[in-house]
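Enquirer: One structure is given below, represented as structure tokens, and several questions about it will come after.
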Amino acid sequence: MSTPFNHQEVETKWRKRWEENPINVNDGKKEKYYCLDMFPYPSANGLHVGHWRGYVISDVWSRYKMMQGSHYVIHPMGWDAFGLPAENYAIKMGVHPARSTAENVDKIREQIKQIGAIYDWDMEVNTTDPDYYKWTQWIFVKMFEKGLAYQKEMPINWCPSCKTGLANEEVVNGKCERCGSEVTKKDLNQWMLKITAYADRLLEDLNKLDWPEKVKKMQTEWIGRSYGAEVEFPIDGREEKLTVFTTRPDTLYGATFMVLAPEHELAKSLATQETKEAVEAYIEATANKSNVDRVQSKEKTGVFTGSYAINPLNGEKIEIWLSDYVLADYGTGAIMCVPAHDDRDFEFAKKFGLPIVQVISKDGKAEELTEAYTEADGIMINSGDWNGMQSASLKMEAPSMIEKKGFGKKTTNYKLRDWVFSRQRYWGEPIPIVHCPDCGPVAVPVEELPLLLPEVESYQPTGTGESPLAAIEEWVNTTCPKCGKAAKRETNTMPQWAGSSWYFLRYVDNHNDQELVSKEKADRYLPVDMYIGGVEHAVLHLLYSRFWTKFLYDIGVVGFDEPFTKLFNQGMITGKNGIKMSKSKGNVISPDDLVRDYGCDSLRMYELFVGPPDQDAEWDDRGIDGVYRFLSRLWNMVLTNLDADVKEDEELLRIRNSMIHDISTRLENFSLNTVISGFMEYNNTLVEKTRNGGVDKETLKTFVKMLAPFAPHVSEELWERLGGTDSVFHEPWPVADKKAMEVKEVEIAVQINGKVKTTAKIPVDIAKEEAIRIAKESLADKLPDNIVKEIYVPGKIVNLVVES
RNA sequence: GCAGGAGUGGCGGAAUGGCAGACGCAUCAGACUCAAAAUCUGACGUAGGUGACUAUGUGUGGGUUCAAGUCCCAUCUCCUGCACCA
């Protein structure tokens, strides 16, 4: 008789078996499928059940692809190991980050192995490994050579707690993405990457991608392209002109004043004797405001400079004001204000009593405006030779009309800014640049890479904008690679996002010391077919890696310009009441105990059963009992039927094929939670059949094959007991025979006016009249006599419509 | 403010416009047991009825349809993203 289900025994046995005989082997003939996880930061806290979810999803998908179409699946894992926690730990405990990182990697690798995934550990990469970051530095050098990496002195986002500069993408609602501190501004000389040079391609190529619309939209908005015109306004009595960017050049006649950002280079000089004091006070007050204050204060503030500009279209003198609602780093830092047709300008004009001139109207007549008329549709008025035109079409033509008139040009603007790429911290890739007093910044020759991160005494960030590396004189002082004179090394390091921007390329050729990846391997194994991870990187990692991939494509390193063909964002697993799991909240659930008590297979299945994979789910420990019971019942069901040698009949054949069809459809739709419930349903059916005649071997085998990607250990064991000699994963994914699924008789609902009254069994291929006759019979004495319409939906429903 | 998503039993959730609540958790009852656990069987939206049954029910209000959780209009709530981008 059957042995009881012992998950520990089964799992130990098959772990060993797989180690001896790997199931995912590249024989050079199979088609490749690259299924990638967003690689983790090796945190000292280890994994919780939330991390498992993404890894289980990707493993299920990898194993499914392996069986379906017999793919060789590239399914690697590695470590995004530079970053602040290791460095902060070093500051506190004096342990070198390399050591604590290595320890954490070992710990997490063991935890990840508990998932029982088919990761190919020979492909492992670690961004802090000099053999790896050599190539991160190499990419930087190539960007520097192409003019895409440059230095700039400017006010950048500064996190006072992390004591480092941040990229725009790392500032969320005015706060540091990592630590949540309020971000301030600091003037620093920074290394920048010219991601804006790729803005159009990054935007347009989104169309090529099979990504969640949400992520595409977030990137689209982040890039923020808008078309319009630059218009030059002469300053009354001065040589200089003020250039503004506008998306609404059609409203130019309605520009009744101008506003400059307080940071605008002409702001101070536009002040007159009378306004000097007020202007300088305003500039100073703005400088002292934090980003958050500046955005949150709804009330408009501003000051009149005392100077005037000339509207180039009608020659009118208009006042020039300063206000902090104009952003210094978008467009030109100056705007023309059309209060009649812009909410913000309207509010500003009302508050400071500035003229409002309507230039677009519904019906060609001016009206009393109580708010800005912001629709683009209307008829031009008060607009000289433009009067009577349709504003919508004028909006399109105005830029070139202005260009012809010679006081402006057509232009495109982006919200995207260049990537602030230097960090004033220790634990990152050193930027491979030498500053020579004669030659300026010179790249470290590529044959000298990697430029190793030196040992330091103190990891403490200086907070002054200098990196801890600046204190190591023997490292900083070097010679210029170009002229040989004494020179100093760049002491800033790269941001955390550098190493993760290209790691997916390295997996397939991780020991190559000649190239970051060989052309041959890149062509063969890339791009990534399926990328699985959380949505939190939508405009960070996912934008940066697209940028780097396009750059590598441009310099001929890879033959594709988008790294991730398909993207799937799994939902987060939270603690009770939807609270994010974190050590500080004390609501972290570790997978370790669950694996011990219920087994890896149970936890894998519960991670999926807990809810739709793309939605957040609250973790509830009790639910795992359900899948554990399912696996035990399945185990007993299979073993009970093992020796019975039941012959397949029409019904078993039908069950088997509908099962194949149902499970496969749900899996293809990525509805993994309903795949699990599907297994439960069919298991319930087969348990019933077991009591009632038994189940044939082929049906049992089919069940086990389909279960294998989800519960690999139990499935291998049952497969072996069912007579399998090779791994179940070398079986092709079953295909349903639609004919065998057909039934002869179906139960239909019988409705009166759409309300179900009873059910009836009818032969499936019956004619409408016959079906209705049987349905009426089934109603017996409830049959109404005033039927006005009869509807038959084959195999589903008969609805009798009655006059009311 | 703008954009996107979601509101279904005690809970997680399921339903190509066609029998709402599959599957699971929890709960209750029964079987087994000296007992408990495990396991098995059954009940399980709400209201009424001893009962077969009847009525009602997918945030709210309308509409389209023979038929609406699903489509359309309006509205409320929650979540996510962006947020003075000219």
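Enquirer: Would you please list the contacts, defined by Cβ atoms under 6 Å and residues six or more apart or on different chains, that run from a residue in the stretch A:661-678 that is under 14 Å from A:VAL627 (Cβ atoms) to a residue that is of a type in the set (Val, Ile, Thr) and buried (at least 18 other Cβ atoms within 10 Å of the Cβ)?
Expert: A:VAL675/A:ILE663; A:GLY678/A:ILE663
Enquirer: Only one of these conditions is not met by A:THR128: (1) in a helix (DSSP H, G or I); (2) open to solvent by less than 40 Å² (accessible area, probe 1.4 Å); (3) not aliphatic (A, V, I, L, M). Which number is it?
Expert: Every listed condition holds for A:THR128 apart from (1).
Enquirer: Can you pull out every residue in the stretch A:565-588 that is under 29 Å from A:ASN669 (Cα atoms), assigned to a loop (DSSP other than H, G, I, E, B), open to solvent by less than 50 Å² (accessible area, probe 1.4 Å) and modelled with pLDDT under 90? Even if it seems obvious, please write down each step before you answer.
Expert: First pass over the stretch A:565-588, keeping only residues under 29 Å from A:ASN669 (Cα atoms): A:565-581.
Add one more test, that the residue is assigned to a loop (DSSP other than H, G, I, E, B), and what stays is A:570-572, A:575, A:579, A:581.
Going one step further and asking which of them are open to solvent by less than 50 Å² (accessible area, probe 1.4 Å), we end up with A:570-571, A:575, A:581.
Within the stretch A:565-588, A:GLY575, A:MET581 meet the criteria.
Enquirer: Could you grab me the full set of residues in the stretch A:641-672 that are of a type outside the set (Phe, Trp, Tyr) and at positive phi? Quick ask: steps written out before the conclusion?
Expert: First, pick out the residues of the stretch A:641-672 that are of a type outside the set (Phe, Trp, Tyr): A:641-669, A:671-672.
Result: A:ASP645, single match.
Enquirer: State whether the residues of the stretch A:595-602 include one that is more than 14 Å from RNA strand B (Cβ to nearest atom), more than 26 Å from the chain's Cα centre (by Cα) and surrounded by fewer than 16 Cβ atoms within 10 Å (Cβ to Cβ). Show your work before the answer.
Expert: In the first step, residues of the stretch A:595-602 are kept if they are more than 14 Å from RNA strand B (Cβ to nearest atom); the result is A:595-596, A:600-601.
Add one more test, that the residue is more than 26 Å from the chain's Cα centre (by Cα), and what stays is A:595-596, A:600-601.
Right, trim to surrounded by fewer than 16 Cβ atoms within 10 Å (Cβ to Cβ) and you get A:596.
For the stretch A:595-602, residues more than 14 Å from RNA strand B (Cβ to nearest atom), more than 26 Å from the chain's Cα centre (by Cα) and surrounded by fewer than 16 Cβ atoms within 10 Å (Cβ to Cβ): present.
Enquirer: Which count do you get for residues in the stretch A:532-582 that are touching an Asp or Glu at 6+ places or on another chain (Cβ under 8 Å), among the β-branched types (Val, Ile, Thr) and within 15 Å of RNA strand B (Cβ to nearest atom)?
Expert: Qualifying residue count for the region: 3.
Enquirer: Here is a further query. Filter the stretch A:742-790 down to the residues that are open to solvent by 100 Å² or more (accessible area, probe 1.4 Å), farther than 30 Å from A:ASN657 by Cα and not in a loop (DSSP other than H, G, I, E, B) and list them by number.
Expert: A:LYS755, A:GLU769, A:ARG773, A:GLU777, A:ASP781, A:LYS782, A:LYS789
Enquirer: Take the conditions open to solvent by 50 Å² or more (accessible area, probe 1.4 Å), among the β-branched types (Val, Ile, Thr) and within 20 Å of A:LYS409 (Cβ to Cβ) and apply them to A:THR243. Does it pass?
Expert: Here the answer is no, as A:THR243 does not meet what is asked.
Enquirer: Just checking, how many residues over the stretch A:639-659 are within 14 Å of RNA strand B (Cβ to nearest atom) and more than 42 Å from the chain's Cα centre (by Cα)?
Expert: Within the stretch A:639-659, the subset within 14 Å of RNA strand B (Cβ to nearest atom) is A:639-640, A:658-659.
Okay, now just the ones that are also more than 42 Å from the chain's Cα centre (by Cα), so A:639-640.
So the count comes out to 2.
Enquirer: Please verify whether the stretch A:499-512 includes one or more residues that are within 15 Å of A:SER545 (Cβ to Cβ), assigned to a helix (DSSP H, G or I) and charged (D, E, K, R).
Expert: yes
Enquirer: Go through the stretch A:193-219 and count every residue that is of a type in the set (Phe, Trp, Tyr) and part of a helix (DSSP H, G or I). Walk me through how you get there before you give the answer.
Expert: Filtering the stretch A:193-219 down to residues of a type in the set (Phe, Trp, Tyr) leaves A:198, A:211.
So of that shortlist, the ones also part of a helix (DSSP H, G or I) come out as A:198.
Counting residues in the stretch A:193-219 that are of a type in the set (Phe, Trp, Tyr) and part of a helix (DSSP H, G or I) gives 1.
Enquirer: Turning to a different aspect of this structure: Looking at this structure, is A:TRP191 in contact with a Ser or Thr (Cβ under 6 Å, 6 or more places away or on another chain), among the hydrophobic types (A, V, I, L, M, F, W, C) and either surrounded by 20 or more Cβ atoms within 10 Å (Cβ to Cβ) or modelled with pLDDT of 90 or more (or both)? Before you say what the answer is, go through the steps one by one.
Expert: Numbers: in contact with a Ser or Thr (Cβ under 6 Å, 6 or more places away or on another chain): yes; among the hydrophobic types (A, V, I, L, M, F, W, C): yes; either surrounded by 20 or more Cβ atoms within 10 Å (Cβ to Cβ) or modelled with pLDDT of 90 or more (or both): yes.
Criteria met by A:TRP191.
Enquirer: Taking the stretch A:143-178, which residues are farther than 19 Å from A:GLN424 by Cβ and surrounded by fewer than 19 Cβ atoms within 10 Å (Cβ to Cβ)?
Expert: As a first pass, look at the stretch A:143-178 and keep what is farther than 19 Å from A:GLN424 by Cβ: A:143-148, A:172-174.
Residues satisfying the conditions are A:GLU145, A:LYS146, A:GLY147, A:VAL172, A:ASN173, A:GLY174.
Enquirer: Let me ask something additional. Within the stretch A:1-93, considering only helices (runs of 4 or more DSSP H) that don't extend past its boundaries, which have at least 3 residues that are open to solvent by 50 Å² or more (accessible area, probe 1.4 Å)?
Expert: Working: elements: A:7-20, A:49-67, A:84-93.
Where helices (runs of 4 or more DSSP H) fall fully within the stretch A:1-93 and carry at least 3 residues being open to solvent by 50 Å² or more (accessible area, probe 1.4 Å), they are A:7-20, A:84-93.
Enquirer: I would also like to ask the following. Kindly evaluate A:SER501 against the criterion of being free of Cβ contacts under 8 Å to residues at least 40 places away in the same chain and not acidic (Asp, Glu).
Expert: no
Enquirer: Looking at A:VAL687, A:VAL695, can you tell me which residue is in contact with a Lys or Arg (Cβ under 8 Å, 6 or more places away or on another chain), within 24 Å of A:HIS7 (Cβ to Cβ), open to solvent by 30 Å² or more (accessible area, probe 1.4 Å) and in contact (Cβ under 8 Å) with a residue 40 or more places away in the chain? I'd like the intermediate steps shown before the answer.
Expert: On the way: A:VAL695 fails: open to solvent by 30 Å² or more (accessible area, probe 1.4 Å).
One residue alone meets the criteria, A:VAL687.
Enquirer: Among (1) out of contact with any helix residue (DSSP H, G or I) (no Cβ under 6 Å at 6 or more places or on another chain); (2) near RNA strand B (Cβ under 8 Å from one of its atoms), which single condition is A:GLU698 missing?
Expert: A:GLU698 satisfies all of (1) out of contact with any helix residue (DSSP H, G or I) (no Cβ under 6 Å at 6 or more places or on another chain); (2) near RNA strand B (Cβ under 8 Å from one of its atoms) except (2).
Enquirer: Another question, if that's okay. Given the condition over 21 Å from A:ALA372 (Cα atoms), more than 10 Å from RNA strand B (Cβ to nearest atom), in contact (Cβ under 8 Å) with a residue 40 or more places away in the chain and not in a strand (DSSP E or B), answer yes or no: does some residue in the stretch A:238-258 qualify?
Expert: For the stretch A:238-258, residues over 21 Å from A:ALA372 (Cα atoms), more than 10 Å from RNA strand B (Cβ to nearest atom), in contact (Cβ under 8 Å) with a residue 40 or more places away in the chain and not in a strand (DSSP E or B): present.
Enquirer: So, one more: Looking at the stretch A:723-741, which of its residues are assigned to a loop (DSSP other than H, G, I, E, B) and either in contact with an Asp or Glu (Cβ under 9 Å, 6 or more places away or on another chain) or open to solvent by less than 10 Å² (accessible area, probe 1.4 Å) (or both)?
Expert: Once the filter is applied, which keeps residues that are assigned to a loop (DSSP other than H, G, I, E, B) and either in contact with an Asp or Glu (Cβ under 9 Å, 6 or more places away or on another chain) or open to solvent by less than 10 Å² (accessible area, probe 1.4 Å) (or both), the stretch A:723-741 yields A:GLY724, A:SER727, A:ALA736.
Enquirer: Mind checking which pairs have a first residue in the stretch A:588-614 that is without any contact (Cβ under 8 Å) to a residue 24 or more places away in the chain and within 24 Å of A:ASN577 (Cβ to Cβ) and a second that is surrounded by fewer than 22 Cβ atoms within 10 Å (Cβ to Cβ) and among the hydroxyl-bearing types (Ser, Thr, Tyr), Cβ under 9 Å, 6 or more apart or different chains?
Expert: Hits for this filter: A:TYR606/A:TYR598; A:TYR606/A:TYR628.
Enquirer: Name the residue that is farthest from the chain's Cα centre (by Cα), counting only residues in the stretch A:143-175 that are part of a strand (DSSP E or B), within 13 Å of RNA strand B (Cβ to nearest atom) and within 18 Å of A:ASP187 (Cβ to Cβ).
Expert: This residue is A:ASN157.
Enquirer: Still on this structure, please answer the following. Of the numbered conditions (1) near RNA strand B (Cβ under 7 Å from one of its atoms); (2) open to solvent by 60 Å² or more (accessible area, probe 1.4 Å), A:TYR325 satisfies every one except a single condition; which is it?
Expert: Condition (2) is where A:TYR325 drops out.
Enquirer: Can you pull out every residue in the stretch A:372-407 that is on the phi > 0 side of the Ramachandran plot and assigned to a helix (DSSP H, G or I)?
Expert: A:GLY384
Enquirer: Turning to a different aspect of this structure: Just to be sure, is A:GLY331 open to solvent by less than 20 Å² (accessible area, probe 1.4 Å) and within 13 Å of RNA strand B (Cβ to nearest atom)? Walk me through it before giving the result.
Expert: Working: open to solvent by less than 20 Å² (accessible area, probe 1.4 Å): no; within 13 Å of RNA strand B (Cβ to nearest atom): yes.
No.
Enquirer: Scan the stretch A:674-693 and tell me whether some residue there is aliphatic (A, V, I, L, M), more than 9 Å from RNA strand B (Cβ to nearest atom) and in a helix (DSSP H, G or I).
Expert: The answer is yes, given that some residue of the stretch A:674-693 is aliphatic (A, V, I, L, M), more than 9 Å from RNA strand B (Cβ to nearest atom) and in a helix (DSSP H, G or I).
The values are calculated or read from the model by the stated rules, or taken from the named source; none is laboratory data. Owing to the predicted nature of the structure, the values given are computational and were not obtained by experimental measurement. Using ideal geometry, Cβ is built from the backbone for each residue, glycine included, and neighbour counts are taken over all protein chains shown. These accessible areas exclude ligands, DNA and RNA; they are computed on the full protein's heavy atoms, side chains included. Shrake-Rupley method; radii C 1.70, N 1.55, O 1.52, S 1.80 Å.
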